[in-house]
Amino acid sequence: MMRLAEAGLPLPRTEGSRQRPALTFAAPLPLGMPVEADLADLYLADRCRAWDVRDRLAAASPGGIEVLELHDVWLGSPALSAIAAAADYRIELGGYAPEGLKVAAAELIAAPSVIRRRQKGNGTVDYDLRPLLESIDLVADRGAPLLRVRTRINPERGAGRPEEVLAALADVLGRPVQATSTVRERILTTDDIEASSQRSPD
């Protein structure tokens, strides 16, 4: 976790129940999962030069965290958490991919619904994974095979989880689909999705 208090930045005061936190990530990250190009909002009490903020954050960041880009955003712009639309995951499968995995992935994408069960409080609830699943691609042309999975983030339904995608694939195949590592590569905003759709051929 970034040690903001050690960065010497003008952080907002924390008094009051309505005070928003200084640092807010675009989407929650499962505990222990590596992330590559994450997005976060940083709120400061005073205007600062971007290069100074970056230098201070870099000095206060623990090993393994690198500050890549900073953008000055109008205070009235929507929070990243409000416009986060999708997440890309890279899932390594080790030395093999189960036979029929590509067909199973296509079957999930073509399905009108994919009913899953998840823990909620002291019980479980059924939910439809399909509206939270954008794409599944099997990459096996070099090195260990891996899956590239894009899940959707919905303010009402929540976010698609990569482990649930693997479990759904395993149900279709009738045998386990084991991941050796899962990395969230990036978060896409609604603007990213719109720009991507405009670049796509008709």
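Answer with yes or no whether Ser113 is part of a helix (DSSP H, G or I), loosely packed, with under 13 Cβ neighbours inside 10 Å and more than 16 Å from the chain's Cα centre (by Cα).
Working: part of a helix (DSSP H, G or I): no; loosely packed, with under 13 Cβ neighbours inside 10 Å: yes; more than 16 Å from the chain's Cα centre (by Cα): yes.
No: the conditions fail for Ser113.
Which residue is modelled with the lowest pLDDT, if the candidates are limited to segment 120-134 and must be surrounded by 13 or more Cβ atoms within 10 Å (Cβ to Cβ) and either out of contact with any Leu (no Cβ under 8 Å at 6 or more places or on another chain) or over 27 Å from Ile193 (Cβ atoms) (or both)?
Among those that are surrounded by 13 or more Cβ atoms within 10 Å (Cβ to Cβ) and either out of contact with any Leu (no Cβ under 8 Å at 6 or more places or on another chain) or over 27 Å from Ile193 (Cβ atoms) (or both), it is Tyr127.
Does Glu156 satisfy the condition of being more than 19 Å from the chain's Cα centre (by Cα) and of a type in the set (D, E, K, R)?
Values: more than 19 Å from the chain's Cα centre (by Cα): no; of a type in the set (D, E, K, R): yes.
The answer is no for Glu156.
Which residue is modelled with the highest pLDDT, if the candidates are limited to segment 49-69 and must be of a type in the set (Gly, Ala, Ser) and not in a helix (DSSP H, G or I)?
The selected residue is Ser61.
Which residue out of Leu68, Leu44, Leu101 is surrounded by 14 or more Cβ atoms within 10 Å (Cβ to Cβ) and in contact (Cβ under 8 Å) with a residue 12 or more places away in the chain?
Leu101
Where the second residue is at pLDDT 90 or above and among the β-branched types (Val, Ile, Thr) and the first is farther than 15 Å from Leu70 by Cα and surrounded by 14 or more Cβ atoms within 10 Å (Cβ to Cβ) and lies in segment 14-28, which pairs have Cβ atoms under 8 Å and are six or more apart or on separate chains?
Cβ pairs passing all conditions: Ala27/Ile153; Ala27/Ile187.
Among the residues of segment 135-185, count how many are in contact with a strand residue (DSSP E or B) (Cβ under 6 Å, 6 or more places away or on another chain) and assigned to a loop (DSSP other than H, G, I, E, B).
Here the count works out to 4.
Take the conditions surrounded by 11 or more Cβ atoms within 10 Å (Cβ to Cβ), farther than 30 Å from Asp41 by Cβ and touching a residue at least 60 places away in the same chain (Cβ under 8 Å) and apply them to Ala168. Does it pass?
In short, yes.
Could you check segment 143-165 and list, in sequence order, the residues that are touching a residue at least 60 places away in the same chain (Cβ under 8 Å) and under 10 Å from Tyr89 (Cα atoms)?
Arg148, Val149, Arg150, Thr151, Arg161, Pro162
Tell me whether segment 67-84 contains one or more residues that are of a type outside the set (Ser, Thr, Tyr), out of contact with any Leu (no Cβ under 6 Å at 6 or more places or on another chain) and under 17 Å from Glu6 (Cα atoms). Working first, answer last.
Restricting attention to segment 67-84, the residues satisfying the condition of being of a type outside the set (Ser, Thr, Tyr) are 67-76, 78-80, 82-84.
Keeping just the survivors that are out of contact with any Leu (no Cβ under 6 Å at 6 or more places or on another chain) gives 68-76, 78-79, 82-84.
Then drop every residue that is not under 17 Å from Glu6 (Cα atoms), which leaves none.
No; the residues of segment 67-84 include none that is of a type outside the set (Ser, Thr, Tyr), out of contact with any Leu (no Cβ under 6 Å at 6 or more places or on another chain) and under 17 Å from Glu6 (Cα atoms).
Please go through segment 140-149 and pick out each residue that is surrounded by fewer than 18 Cβ atoms within 10 Å (Cβ to Cβ) and modelled with pLDDT of 90 or more.
Listed by number, the list holds a single entry, Arg148.
The values are calculated or read from the model by the stated rules, or taken from the named source; none is laboratory data. Here the structure is a predicted model, which means the values were calculated and not measured. Please note: Cβ atoms are built from the backbone with ideal geometry, for glycine as well, and neighbour counts cover all protein chains shown.
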